[in-house]
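Student: One structure, as structure tokens, below. Some questions next.
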Amino acid sequence: MQDSKFVVYSFIACILFLGVNGESPYRFFTLKVTHGDIYPLGVKQKGILINGQFPGPTIDAVTNDNLIIHVYNYLNVPFLISWNGVQQRRNSWQDGVLGTNCPIRPGKNFTYVLQVKDQIGTFFYFPSLFFHKAAGGYGSIRIWSRPKIPVPFPTPAGDFTVLAGDWYKRNHYVLRRYLESGHSLPFPDGLVINGRGWNGYTFTVDPGRTYRFRVSNVGISTSINFRIQSHKLKLIEVEGSHTLQNTYHSFDIHLGQSYSFLVTADQAPQDYYVVASSRFTPRVLTTTAILHYSNSRKGVSGLIPWAPTFQIAPSLMQARSIRWNLTASGPRPNPQGSYHYGMITPSRTIMLANSAPYINGKQRYAVNGVSYVPPDTPLKLADYFKIPGVFNLGSIPTRPPSGNNAYLQTSVMAADFRKYVEIVFQNWENTVQSWHIDGYSFFVVGMDGGQWTPDSRRSYNLIDAVSRCTTQVYPRSWTAIYMALDNVGMWNIRSENWARQYLGQQFYLRVYSPANSWRDEYPIPKHALLCGRARGRRTRPL
């Protein structure tokens, strides 16, 4: 990398912050992406490291902070980082997925300029390109409340990050070849907690004190159950929303989801198992870390605490028990409940059904019968430069087709700025689905078994449903959400099961405003990478 290029990028970033974001504080981060040897399950593998670490370093920010993140790609392949749960208000240019950004070429760098506008909570970053997520490259994002905004729990004695998920001993490019040849992924080889296998990580606590555990499922194929031997989990936050503080002995965390729990060290001084195990799998995978009392002289002992395996009903009941804390402040001092989402009538209902068709003799995955194919030019660039032939609005229907036919398409759905929509995820398969929407938080108003019908609205929670960015849909079931389309841009809606995402279970929602105003959307970054049919064009004057 040339120092002059670094200076130019930094200068551009600073100008953009001062010009667009006023006097909001800003923070600088440098992420150097390399290959390195890792041993998550005791077998040497070629992993993706961030600043020489696996998992990567934590990104800490305070509500409304501006982040200038320099990403250097030292891999021998293109690379992209995305920010799971960061809403990128008016700024899908920085989303870091292939529909919005050109990849960072080998030996090159790119500076993300983004703001954690009106957000708090627990999220994570991850590599979005190819199948890199199966090789690591992920890390935690913690967005703290501003000092004067009250938080509905005492300040914990410590704050622990738990990045848990399934893991494969096969390298990521081998897994990708499986998929590209038309085969399904094999069963995972194990689970990891913070990049390590059985008893490989330790959380040290002082007796009698309370700690915050931020737990994210960063796996690619499996829901997990999280628990701590002999300790209770008090839920306090879900992907940026403060919740009613219900207590659980174990908790299901689906792909891409993040939760915060308070855990009090109120047991005898010894070591205890911190456990993650797979959910809804034919064979239960389990891994452990250690909760170590600082005055402990006794190691872990006893049986690993049991958790449910195949049972859907307790997981569904648990999911329904997650409620918004209406009296707590969110990122602003006004109570979360001051936004009466249930009193707004949706202007449109979108129904999305997942499926697993074979197309041209190969396994694919689809939404409403359309299996997504990445274009040669990022959709956001094609839209900005008005490049024809890259995508067509309406290339995916808003309801599932009546037949079983499926086809390949670069699917983009049109939506209007400031509309309020109801989205129903309908799952007729025998596996748990996990759906994520970039650029937004939405209210999970209902979930149940069977076919969704208009009568299903009678069971909706229109008072204190939790607001989040990733939701599960149980087998042969539905989940309904309400969402205000208040964020202009090109936004990825995808399965968090990475094989399904890679083979087509995703599409883009183009939220459009005709105003062409900075009030609605930031302009294209001056230093935006251009590729495909956008190569050689000009972005804009500084």
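Student: Go through VAL263, VAL215, VAL192, VAL174 for me and flag whichever is open to solvent by 20 Å² or more (accessible area, probe 1.4 Å), of a type in the set (A, V, I, L, M, F, W, C) and either without any contact (Cβ under 8 Å) to a residue 40 or more places away in the chain or in a strand (DSSP E or B) (or both).
Tutor: Values: VAL263 fails: open to solvent by 20 Å² or more (accessible area, probe 1.4 Å); VAL215 fails: open to solvent by 20 Å² or more (accessible area, probe 1.4 Å); VAL192 fails: open to solvent by 20 Å² or more (accessible area, probe 1.4 Å).
VAL174 is the lone residue from the list that is open to solvent by 20 Å² or more (accessible area, probe 1.4 Å), of a type in the set (A, V, I, L, M, F, W, C) and either without any contact (Cβ under 8 Å) to a residue 40 or more places away in the chain or in a strand (DSSP E or B) (or both).
Student: Quick check, is ARG458 surrounded by fewer than 19 Cβ atoms within 10 Å (Cβ to Cβ), of a type in the set (Lys, Arg) and over 21 Å from LEU485 (Cα atoms)?
Tutor: Values: surrounded by fewer than 19 Cβ atoms within 10 Å (Cβ to Cβ): yes; of a type in the set (Lys, Arg): yes; over 21 Å from LEU485 (Cα atoms): yes.
Yes, satisfied.
Student: Also, quick follow-up: Which of the residues belonging to region 397-450 are hydrophobic (A, V, I, L, M, F, W, C), touching a Leu at 6+ places or on another chain (Cβ under 8 Å) and assigned to a loop (DSSP other than H, G, I, E, B)?
Tutor: PHE417
Student: Please go through region 268-291 and give me each residue that is within 20 Å of LEU191 (Cα to Cα) and surrounded by fewer than 16 Cβ atoms within 10 Å (Cβ to Cβ), ordered by number.
Tutor: Pass one, region 268-291, residues within 20 Å of LEU191 (Cα to Cα): 272-291.
Listed by number, the residues that qualify are PRO282, ARG283, VAL284.
Student: Now, a different point. Considering only residues that are polar (S, T, N, Q) and over 33 Å from the mean Cα position of the chain (by Cα), look in region 267-308 and name the one that is farthest from ASP159 (Cα to Cα). Full working, then the answer.
Tutor: Quick first cut of region 267-308, residues polar (S, T, N, Q) only: 267, 270, 277-278, 281, 286-288, 294-296, 301.
Subsequent filtering for residues that are over 33 Å from the mean Cα position of the chain (by Cα) retains 267, 270, 294-296, 301.
On the way: GLN267: 19, GLN270: 20, SER294: 16, ASN295: 19, SER296: 20, SER301: 25 Å.
The extreme case among them is SER301.
Student: Here are some conditions: (1) over 20 Å from ASN84 (Cα atoms); (2) open to solvent by less than 10 Å² (accessible area, probe 1.4 Å). ILE437 meets all but one. Which one does it not meet?
Tutor: Going through (1) over 20 Å from ASN84 (Cα atoms); (2) open to solvent by less than 10 Å² (accessible area, probe 1.4 Å) one by one, ILE437 breaks only (1).
Student: Only residues in region 279-298 that are modelled with pLDDT under 95 count as the first member; pair them with residues that are of a type in the set (D, E, K, R) and open to solvent by 50 Å² or more (accessible area, probe 1.4 Å), Cβ under 6 angstrom, at least 6 apart or cross-chain, and list the lot.
Tutor: As it stands, the answer is none, since no pair meets every condition given.
One line per residue, one yes/no per condition, for (1) among the charged types (D, E, K, R); (2) out of contact with any helix residue (DSSP H, G or I) (no Cβ under 9 Å at 6 or more places or on another chain); (3) open to solvent by 10 Å² or more (accessible area, probe 1.4 Å); (4) assigned to a strand (DSSP E or B):
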site	(1), (2), (3), (4)
ASN225	no, no, no, yes
SER230	no, yes, yes, no
LEU235	no, yes, no, yes
GLY256	no, yes, no, no
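Student: Does THR155 satisfy being of a type in the set (Ser, Thr, Tyr), more than 30 Å from ALA499 (Cβ to Cβ) and open to solvent by 30 Å² or more (accessible area, probe 1.4 Å)?
Tutor: Working: of a type in the set (Ser, Thr, Tyr): yes; more than 30 Å from ALA499 (Cβ to Cβ): yes; open to solvent by 30 Å² or more (accessible area, probe 1.4 Å): yes.
It is true that THR155 is of a type in the set (Ser, Thr, Tyr), more than 30 Å from ALA499 (Cβ to Cβ) and open to solvent by 30 Å² or more (accessible area, probe 1.4 Å).
Student: Also, I was wondering about something else. Take the conditions of a type in the set (A, V, I, L, M) and closer than 28 Å to TRP452 by Cα and apply them to ILE396. Does it pass?
Tutor: Details: of a type in the set (A, V, I, L, M): yes; closer than 28 Å to TRP452 by Cα: yes.
Yes, satisfied.
Student: Return the residue satisfying two criteria in turn: it lies in region 67-103 and is in a loop (DSSP other than H, G, I, E, B) and within 18 Å of THR122 (Cβ to Cβ), and of such residues it is most open to solvent (accessible area, probe 1.4 Å).
Tutor: First, the residues of region 67-103 that are in a loop (DSSP other than H, G, I, E, B): 74-78, 80, 85-91, 95-103.
Filter once more, so that each one left must be within 18 Å of THR122 (Cβ to Cβ): 85-88.
Values: GLY85: 7, VAL86: 6, GLN87: 24, GLN88: 1 Å².
Taking the candidates together, the pick is GLN87.
Student: Scan region 223-239 for residues that are more than 12 Å from VAL263 (Cα to Cα) and out of contact with any Lys or Arg (no Cβ under 7 Å at 6 or more places or on another chain) and jot them down. Reasoning before the result, please.
Tutor: Quick first cut of region 223-239, residues more than 12 Å from VAL263 (Cα to Cα) only: 223-226, 237-239.
Passing the criteria: PHE226, GLU237.
Student: Being among the hydroxyl-bearing types (Ser, Thr, Tyr) and either in the same structural domain as LYS232 (by the TED database) or open to solvent by less than 20 Å² (accessible area, probe 1.4 Å) (or both) narrows it down to one residue among SER355, SER294; which is it? Can you show your working first?
Tutor: Values: SER355 fails: either in the same structural domain as LYS232 (by the TED database) or open to solvent by less than 20 Å² (accessible area, probe 1.4 Å) (or both).
Among SER355, SER294, only SER294 is among the hydroxyl-bearing types (Ser, Thr, Tyr) and either in the same structural domain as LYS232 (by the TED database) or open to solvent by less than 20 Å² (accessible area, probe 1.4 Å) (or both).
The values are calculated or read from the model by the stated rules, or taken from the named source; none is laboratory data. These numbers come from a predicted model, not from an experiment. All Cβ positions, glycine included, derive from the backbone under ideal geometry; neighbour counts span all protein chains shown. Just the protein is used for accessible areas: all its heavy atoms, side chains included, with ligands, DNA and RNA removed. Shrake-Rupley method; radii C 1.70, N 1.55, O 1.52, S 1.80 Å.
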